[in-house]
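Have a look at the structure below before the remarks.
Each value in this text was obtained by applying a stated rule to the coordinates, not by laboratory testing. All values derive from a computational prediction rather than experimental measurement. A quick note on method: Cβ atoms are made from the backbone with ideal geometry, for glycine too, and the neighbour counts reach across all protein chains shown.
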């Protein structure tokens, strides 16, 4: 069962730039990994693009400063996943100083595969559609046959990718073409909602010269943005654990543009477009904003109403937060009315089971008791680790229960995150 979603869209004219934060709070997190080596000290001067931390373990990608200025301190601030994360606090000197002069590469198709992967690593490119997985890892295999570019953006309110794609269509196509040539990939398919005729027209105006790049129109249902659902819709293929098993790579369209800037200008991931919307924002906008910006600064500029609930992310997968800094994988900030539906008791209706795209039984996971360490075996039998946290179970629940949160807790227990 797939759920249709309502229209609630900003237009491309609502895109503005907010690039003057007084301070930035660079989150020391990569994906969900907070095991980060800090490479700066309090009082140290850093340039725009300076490396302030680097992920440990298997994926050692850097984290960059989005401004030039002085390191003031290290503080814990809330990121998109709703948890507190240590951040490097940098006072912005508003000079935008960079350590090395940026060089423009005229033809981004000329990289070798090894140079391509190295550039993505050095620039800290991660997936901008949600999980924040290091992008270079997807391109390491040699058997890639198809690149799917996810331009679906299936949650209500969110139009950040749409605004970027309309403004930077030519650059995005140039990047896709380069990715195909460098990695010897047969084809690319850009997935767009059927109803988004305006974006389709923008791509139709330029795509004619790119014979290996096609458009695919997909239904306006949720969660079409999940790569398993998207691959099934676009190619009618299934896989076990990872798309690469079928020779497929899926990239969010904002990630593609980040790759373009890395290849063209050697630009690290230091800014992104974020949708600021919801009924409690008077001036709803898509905002190009520096990573580490305090979301409250932007919300104040957009005339935030009092007594608002702030959500990091969309209404389905987002997390309620009290404070928030912009991280690379945050695509939306919502300000909603402080009207909370009061939960009742589970009706055992089974609706959460019907809508779960991962084929789980959220009601059973939610009702499983955790008292002793050995009880984790009960959760393992229900496979909560397969949950994609789409929020459909909570959305459909007539008792207004926070089903997703309970399933996520079980998921973290099974994975050893708690």
Next on the checklist: Given points 7 Å out from each Cα along the Cα-Cβ axis, report the residue 354 to residue 44 separation in nanometres with one decimal.
Outcome noted: 5.6
Item to check | Sites residue 104 and residue 210, calculated FRET efficiency, Cβ-Cβ separation with R0 22 Å, nearest 0.05 | outcome: 0.55
Checklist entry - Mind checking which of 147, 230, 39 has the largest fluctuation in a GNM of the chain, springs on alpha carbons under 10 Å? => result 39
Checklist outcome for this item: Given 360-368, 17-25, the highest-first ranking by average Cβ count within 10 Å works out to 360-368, 17-25
Checklist outcome for this item: Of 81, 35, 220, the most mobile residue in a GNM of the chain (C-alpha springs, cutoff 10 Å) is 35
Item to check | Shape call, region 221-332: gyration tensor on alpha carbons, a/c limit 1.5 | outcome: oblate
Item to check | Residues residue 197 and residue 142, FRET efficiency given R0 of 30 Å [Cβ-Cβ distance, rounded to 0.05] | outcome: 0.20
Next on the checklist: Quick check: the distance between the Cα centres of region 180-250 and region 69-107, to the nearest angstrom?
Outcome noted: 33
Checklist outcome for this item: Given 284-296, 150-162, 132-144, the highest-first ranking by average Cβ count within 10 Å works out to 150-162, 284-296, 132-144
Next on the checklist: Antiparallel versus total DSSP beta bridges in the chain: what percent is that, nearest 5?
Outcome noted: 65
Checklist entry - Does region 7-113 come out rounded, prolate or oblate, given a ≥ b ≥ c as the square roots of the eigenvalues of its C-alpha gyration tensor, rounded meaning a/c under 1.5 and, failing that, prolate meaning a/b above b/c? => result rounded
Next on the checklist: Nearest 500 deg cm²/dmol is fine: what mean residue ellipticity at 222 nm does the chain get from its DSSP H runs of n ≥ 4 alone, each adding -39,500 (n - 2.57), divided by its residue count?
Outcome noted: -7000 deg cm²/dmol
